[in-house]
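Participant: Here's a structure for you.
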Amino acid sequence: MFKFLRIYSAFIKQQIKSLMEYKIDFMMGMIALGVNQISTFLVIFAVFTQIKAIGSYSFNEILLFYGYSQIVRGIDHLYNDNIWVVGWNKIKDGSFSNYLVRPIPILSHIVMERFQFDGFGEVLIGLAIFIYAKINLGIAFGLAGWMVLGFFFFCGLAIYFSIKLATAAIAFWTVSSGELMSVIYEVNTFTKFPLDIYKNFFLKNFLIYILPFAIVSYFPIAYFLRDQNFISNLLGFRYYHRELLIVFVGFVTVLFYCASRFLWRMGLRHYNATGS
Amino acid sequence: MIEVVNLGKSFKIYKKYEGFTGAIKSFFSTEYSMKHAVSDMNFHIEKGESVGYIGVNGAGKSTTIKMMTGILVPTAGYCKVDGIVPYENRRQNAKNIGVVFGQRTQLWWDLPVSESLNILRDIYDIPHDKFKSKLGFLKEILGLDEFYLTPVRSLSLGQRMRSDFAASLLHEPKVLFLDEPTIGLDLLVKDNIRKAITQVNETLGTTVILTTHDLADIEEICRKIIVIDDGRKVYEGTVANLKKEFNKYKLVKFELKPGKTPIKIEGLFNAPEEDVKVTLENENLVVKFKKDKFEISNIVSRILGEFEIQDIAIEEQEMEDIVKEIYLKKGNV
Amino acid sequence: MIKSILKYSGFTLNAVKEQYAYKFRAIIWTFYNFILLFVQYFLWNAIFEANGGALYDISVKKYLSYVVMGMITNSFLHCLIDGSIAEEIKSGNVSMNLIKPYNYIYMNFAKQIGYTLGSVISLSPLIIVAFFMTGLSFVSVQALLFFIVSIFLAYMIVFLFNMFLGMLAFWITNYWGLRLLKWHVFVIFSGELMAINMFFKIGNNGISNFPIPLPEAAVQLFFKTLGIISYCLPFQAMNYTPTAIYTGMINDTRQILVHLGVQVFWIIFMLGLVRLVWSKAKNQITILGG
């Protein structure tokens, strides 16, 4: 464990150094990411000059969803960006073999190899919006609440991880799966806002049961803002203990995580059999 | 150290169709043919040996190397490296081996060489003092100092190769796999790398396995040679033996006086063509003959008597020709 | 004229073929566009419905047509020439273009036309789906004709602008940050995020429900400023103008002509800029040797 931290920090240190090499470019990139963060926020801002609520959600509630979703997305962006390179290039150009001749687990190696500072923009702005909205809503989570939120947070990261891993694994068969990864990943844009404002039956169920981005930020925040009747309607089945939502989220996460690991393993076996 | 037993690797090659409808057809098609990249491979390599593994493109060299490094899983037989089955115990095996692929780097593109090596130190758990002394040794034999702080992407091919080579040796691997380590390099760098490999092999006792197209690599580095063709072993033995066994010919080149190109070169010697062969290359008359059938003095005097000659050169048959000969009569060895 | 068209048509043809070589990729990107379309569609639908089907005097149907039409316009105007030029510069291949007997700018334009022609097919499913979702409310023949003129002008601006950005790589070497900046600034000021006239409407009509305690004047000024900045930048001429003309958001003939005039201005301006930068860049190549 200690060893991994050392390797990771060595990689991070190096990345900071090479970023500094292209100073102007880096600055422009950082500004760009700031602008990107502002843009969705601007829509919320503009809309709420005229409207009190979207669907059943007030300004601050919308912000709470938005802020939280950006924190999860940002953290994923920070630590788990190298998998993109695997999907786009590593198998195509054969450099994936390098992971196979090293004495550390492949996935940890992939994760450690790159730390994407871009994610900080999302995390910081997300955090600021989340805190602002939470204060204005005047909700207190309590210790138990925070622990639940922590669990949800962990599940959200795991969902991102699983979806990226599974789509990257496709590259073991198709040589490159970057396009597919982008398309699937882009679906996460829906998590910025509470799912039910879209009022679309298909979309709702798709995001809960097929590509479970709803697990990432929608359920966690709805758990704190809405009662269990509301969530029952959403899930399409009734349940009688509020805490069962936690179990549901955990269950879906574990399921997805295992499925994606399985797919990855199959892909790796395919790679071992064909070498390309 | 390395044990290869009945090793085989076959690939399914799915039938492909042309065009867009063809692409859909290929997608659903289950028709395939088998390609046997490696079949019935058997050999043993002792600790400290240096072995050249040669064959034409597509002969199965890289496939074998990939199986011994744990990248590919064989479809028949097995191989063991230091008692470990590489594709079953990938990580354990990785600690024991060093790999250099001439075609691509294993270093990190954006990092300086120094940092790449530092990260490898952590990945392979090398103690600091050991790392330091090892690095000193490698720096010296490979001349890393001049580009030690340069990012890998700005290195020349030769510098990159030397860095890759250093990277593969940091953790004192018991076996070093080199897949075409001199490809595309200039003579000086080639020489440097060859010397370094020899030095590592001799002073550290590292077992070296090397694939190459440049037979000079083999002559300078390897004591033993394995020739494969079409996935099968066609020769295994020492380089000296190979020469003795196959080097049956000698070449004499006669440089003709300008404007004295002969019209008739056939029938100069009363012998079948496989014993002696006369050809005309540019302004030179080349005579290739079997050493045990002719004396060199006979050849020279016969030619001098017939043509006006400016200069004479005598050459041993080159390794390349020997290997070509092996390929041509593969399976008969 | 015909001779020079023939001379450059080879580049166009090659670019079309290149697009066809990656069919799988094209299919996937069509899906990508669908997802972007759905996100925008459902979001704005929800927002407008929350306000009883209209925001200011814009109906939900009209605005959704605007959003969807904007996406179609965007994909039609999609231009990757900046990246390919930057790549050529970084790899040094750009100097090869100086020894060949053609104009570098014309050549890239011919290529860009090829890419557009090649991608039109993958655009059609998007148009069909968009049509069924919103009807793409057709306003009038006049609007359609102006739209065609406007999108043609926008095409030129987009091309020249990307040409300009790509050539900046001569001075900044890495083209990661600038490209990102282009994308994200474009979203806000091109009308992709929301129609430019919304900025002005918020600025003029006042804010009735603004949830953060800020002085009304400040918020109004902020949105008005955003609108003014939009008109100072070329991005609105690349997307907002044609889309708003088609959907009738800009419907007064005089206003349409003013917008077209602004587009023509940007073309002339960009043309001058590209020529200038390219001549400087040529010097750069001959000094540095590419």
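We did not get these values from a lab; they are worked out from the coordinates using the rules stated. Model, not experiment: these values are computed from the prediction. When we count neighbours, we look across all protein chains shown, and the Cβ atoms used for this are built from the backbone with ideal geometry, even at glycine.
Participant: May I ask you to sort B:I97, C:I228 by Cβ crowding, counting other Cβ atoms within 10 Å and putting the fewest first?
Facilitator: In increasing order of surrounding Cβ atoms, one gets C:I228, B:I97.
Participant: Using a cut-off of 14 Å between beta-carbons, work out the net charge of the residues near B:R162 (Lys and Arg +1, Asp and Glu -1, B:R162 not included). Mind dumping the intermediate values first?
Facilitator: Working: positive: B:K139, B:R160, B:K190, B:R194, B:K195; negative: B:E140, B:D145, B:E146, B:D164, B:D186, B:D191.
Spelling it out: positives minus negatives among the neighbours equals -1.
Participant: Going by alpha carbons, how many degrees (0 to 90, nearest 10) lie between the helix axis of B:157-169 and the longest principal axis of chain B?
Facilitator: Tilt of helix B:157-169: around 60 degrees.
Participant: In peptide C:31-44, what is the residue-averaged number of other protein chain Cβ atoms found within 10 Å of each Cβ?
Facilitator: 5
Participant: Same structure again: So how do A:L165, A:L5 line up by other beta-carbon neighbours within 10 Å, fewest first?
Facilitator: With the fewest neighbours first, A:L165, A:L5 line up as A:L5, A:L165.
Participant: Could I ask something else about it? Longer than 27 Å from Cα to Cα, which of B:K47/B:K244; A:K17/B:K174; B:K35/B:K244; B:K243/B:K288 are they? Say none if no pair is. Show your work: numbers first, answer last.
Facilitator: Working: B:K47/B:K244 25 Å; A:K17/B:K174 34 Å; B:K35/B:K244 35 Å; B:K243/B:K288 16 Å.
Pairs exceeding 27 Å: A:K17/B:K174; B:K35/B:K244.
Participant: For C:K100 and C:R275, compute 0.36 nm times the residue count separating them, minus their Cα-Cα distance, and round to one decimal in nm.
Facilitator: Additional length available on full extension: 61.2 nm.
Participant: Where both residues lie in the stretch B:174-274, what percent of DSSP beta bridges are antiparallel, nearest 5?
Facilitator: 55
Participant: If you average 1/r over every pair of different alpha-carbon atoms in the protein assembly as shown and take one over that average, what Kirkwood value in Å do you get?
Facilitator: Numbers: mean 1/r = 0.0308 Å⁻¹.
Here the Kirkwood hydrodynamic radius works out to 32.5 Å.
Participant: Report, to the nearest 10°, how far helix C:23-50 tilts away from the longest principal axis of the Cα atoms in chain C, using its own Cα long axis and a range of 0 to 90°.
Facilitator: Taking Cα atoms only, the helix is inclined about 20 degrees.
Participant: Determine, for each peptide in C:250-257, A:30-37, A:200-207, the mean count of other beta carbons within 10 angstrom over its residues, then list the peptides with the highest first. Provide the component values of the computation, followed by the final result.
Facilitator: Values: C:250-257: 13.5, A:30-37: 19.1, A:200-207: 15.4.
By packing density, highest mean first, the sequence is A:30-37, A:200-207, C:250-257.
Participant: Nearest 5 is fine: what % of DSSP beta bridges in chain B come out antiparallel, could you say?
Facilitator: Beta bridges within chain B, antiparallel portion: roughly 70 percent.
Participant: Expressed in nm², what is the orientationally averaged projection area of the convex hull enclosing the Cα positions of the stretch C:33-104?
Facilitator: Average of the hull's projected areas for the stretch C:33-104 equals 7.5 nm².
Participant: While we're on this one: Which distance in nm do the two modelled labels at C:I229 and A:A53 give, with both placed 7 Å along the Cα-to-Cβ direction?
Facilitator: For the pair C:I229/A:A53, the computed spacing is 3.3 nm.
Participant: Go through A:61-67, B:224-230 and give me the packing order, highest mean Cβ count within 10 Å leading.
Facilitator: Descending packing order for the listed peptides: A:61-67, B:224-230.
Participant: Within a 10 angstrom radius of each residue's Cβ in C:271-278, how many Cβ atoms of other chains show up on average? Whole number is fine.
Facilitator: 0
Participant: Tell me the Kirkwood radius of chain B: reciprocal of the mean inverse pair distance over distinct alpha-carbon atoms, in Å.
Facilitator: About 23.0 Å for chain B.
Participant: State which helices in chain A qualify, where a helix is a whole DSSP H run, it must extend 15 Å or more along its own axis by its Cα atoms, and its mean Kyte-Doolittle hydropathy must be at least 1.0. Walk me through the numbers on the way to the answer.
Facilitator: Details: long enough: A:2-21 (29 Å, 0.18); A:23-47 (37 Å, 1.57); A:59-79 (31 Å, 0.36); A:119-137 (27 Å, 1.55); A:142-169 (40 Å, 1.66); A:244-274 (45 Å, 1.06).
Long hydrophobic helices here: A:23-47, A:119-137, A:142-169, A:244-274.
Participant: Also, I was wondering about something else. Taking each residue of A:196-207 in turn, how many C-beta atoms of other protein chains fall within 10 Å of its C-beta, and what is the average?
Facilitator: Counting Cβ atoms of other protein chains within 10 Å of each residue's Cβ and averaging gives 2.
Participant: Related question: Net charge within 10 Å of A:G119 by Cβ-Cβ distance, Lys/Arg positive one each and Asp/Glu negative one each, not counting A:G119 itself?
Facilitator: Local charge sum for A:G119: -3.
Participant: Now for a separate question. Taking every DSSP beta bridge with both residues inside the protein assembly as shown, roughly what % is antiparallel (nearest 5)?
Facilitator: 70
Participant: Report the calculated FRET efficiency for A:I106 and B:D191 (r = Cβ-Cβ distance, R0 = 30 Å), to the nearest 0.05. Mind dumping the intermediate values first?
Facilitator: Values: r = 37 Å, r/R0 = 1.22.
About 0.25, to the nearest 0.05.
Participant: Starting with the highest mean, order C:36-44, A:127-135, C:241-249 by the number of other Cβ atoms within 10 Å, averaged over the residues of each peptide.
Facilitator: Listed from highest to lowest mean packing, they are C:241-249, C:36-44, A:127-135.
Participant: Cα axis of helix B:128-142 to longest principal axis of chain B: angle in degrees, 0 to 90, nearest 10?
Facilitator: Helix B:128-142 sits at roughly 20 degrees to that axis.
Participant: What net charge is computed for the residues neighbouring C:I35, neighbours being all others with C-beta under 13 Å from the C-beta of C:I35, Lys and Arg scored +1, Asp and Glu -1?
Facilitator: Numbers: positive: none; negative: A:E179, A:E186.
After counting each charged neighbour, the total is -2.
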